[in-house]
C-alpha cells in the first residue's frame, strides 16, 4: 500500500472532555434512533441509481450483518475510543466499493443522507441547549469527515493499484514473444517504446531465448512510430546480449523515418543484422537455422583455423 | 578452485562451477591450452551457466582462451551465459568479440560438430 497510509489519519477525535462528551451525545442519539435511521437511509439510497445496483447485488442478510458489525465498531470507536478496528473496517469498505466502481461522490451522497437524517434528531433532543447542540453537530461532522478521509484515501489507493495492474497488463500484452518454429522466436514490437518498455522487452526476450533455447530471433519494429537514440542503443545492446547467449538477432521493419532518424542521430547500427520487412527477416532466419556454417561468421577478431 | 575439464571425443568440456578468482582464471587458461595439445582436441566448450556474474577480467580471459586455443588448432564455444549476465556484460561493453556462443552444452557441441565437419568438407 502507499506510504500515505502510514502517515495521516487515524480518526483521532480529541478526547478532551467537551469533545468526548459531544461525541457521546452524538452517539446516544444515533444509537437510540439507529433502526429508523438505517431504514430511512437504506430507502433513500435505494432510489439512488448507483447504490440501487449495489443494494440489489448484496443479499439482505449480508447487508444487515455488515450494518450490525459497523454499528458495533462505531460504538467502540466513539464510546471506548478504540479506533483501530473501525478505521480498518472503513478501509476495507473503501477498497471494496472502489473495486465495485462506486464513485467517490456516491460516498458523499451516502454520508450526506445520513447527516440529513441525524441532524433533525439532534435538534429535537438538544434544541433547548444551543451550545450543546452545536458541539454535538461539530463532533458528528468532524467524525464523519475523518471517516470520509479514511475511505477516500483507501479509495484512491485502490484505484491507483488498479491502474498499475492495468498498465502492467498492457505492457505484457504489448510485448509478446512468439515461437515461430523450433529455435526461432519472433518479437513484434508495436507502439511507442520508452526506456522502461525497452528494458522490459530486453528482459522478456533474453528470458525467452533461455526458455526456448532459441538460436535465431527476429525483432520486428514495423509498428514502432519513432525510435530515439536511447532506444536504438538499447536495441543494439539487446542484440549483443542475445548473441552472448548464443542466439542471432535480426531486426526487421525499420520504417523510412526511423532509418533516417537513426542515421541522423549517428547511432552505430553496423553490428545489426537488418532486413527490410518481416517476410525477408523470417527467410533470413530460416537460412541461418538451416545453414550449418552460419554461426561461424563473426566479423570481429576472427582468426583462421590453423590446420 | 580449479575447473574440471572432461574429454569427449575430439572435444574438451570445461564446466565452470563457481566464481573464479583472477588467479584461478589464469590457471584455467594454462590448463586448457596444455590439454588441447595433449588430447589433440579440435573443439572446446566452456560452460558458464553456473555463473551469475562475469566481470571484465573474466570475459577478457575467456576471449583470450578462445584465441589462444584457436592458435593451438581448436575452436571454442562459450555456452550458458545467463540472460542477466548477458545484459550486464553488454552494458559494461564486454562483448566477447570473435568468440562463438551457444545457449547450452548440447547446442555448443552441435555447433562445434557443424563447424568441424564443415571445415573438413571445405577441404582445409
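Readers should treat all values here as calculations from the given coordinates under stated rules, not as data from a laboratory. In this text, all values refer to a predicted model and were calculated from it rather than measured experimentally. FYI the Cβ positions are ideal-geometry reconstructions off the backbone, even for glycines, and counts take in every protein chain you see.
Here are some notes:
- Using alpha-carbon coordinates, inclination of helix B:22-38 to the longest axis of chain B, degrees: 0 degrees
- Shielding of B:77-89 by partner chains, average beta-carbon count, 10 Å: 6
- Rounded to 10°, Cα long-axis angle of helix B:105-121 versus longest principal axis of chain B: 40 degrees
- Per principal axis, descending, Cα span of the stretch A:9-150 in whole Å: 42, 30, 26
- Residue-averaged beta-carbon neighbours from other chains (10 angstrom radius) around A:199-210: 3
- Ordering of A:124-130, A:237-243 by packing [mean C-beta count within 10 Å, highest first]: A:237-243, A:124-130
- Two-decimal Rg/Rh across the stretch A:66-158, once Rg and the Kirkwood Rh are taken from alpha-carbon atoms: 1.01
- Angle between chain A longest axis and helix A:229-244 axis [Cα atoms, degrees, rounded to 10]: 60 degrees
- Size of the stretch B:35-124 from its Cα atoms: along the principal axes, largest to smallest, the extents are 40, 22, 21 Å.
- Each part reduced to its alpha carbon centroid, the stretch B:1-64 and the stretch A:101-128 end up 78 Å apart.
- Compactness index (Cα Rg / 2.2 N^0.38 Å), the stretch A:158-202: 1.40
- As a length-normalised measure over Cα pairs under 8 Å and 6 or more apart, the relative contact order of chain A settles at 14 percent.
- Taken over the protein assembly as shown, the percentage of Cα pairs per 20 Å bin, counting from 0 up to the bin with the maximum distance, is 21, 31, 19, 21, 8, 0.
- Mean per-residue shielding of peptide A:233-242 is 4, counting Cβ atoms of other chains within 10 Å of each Cβ.
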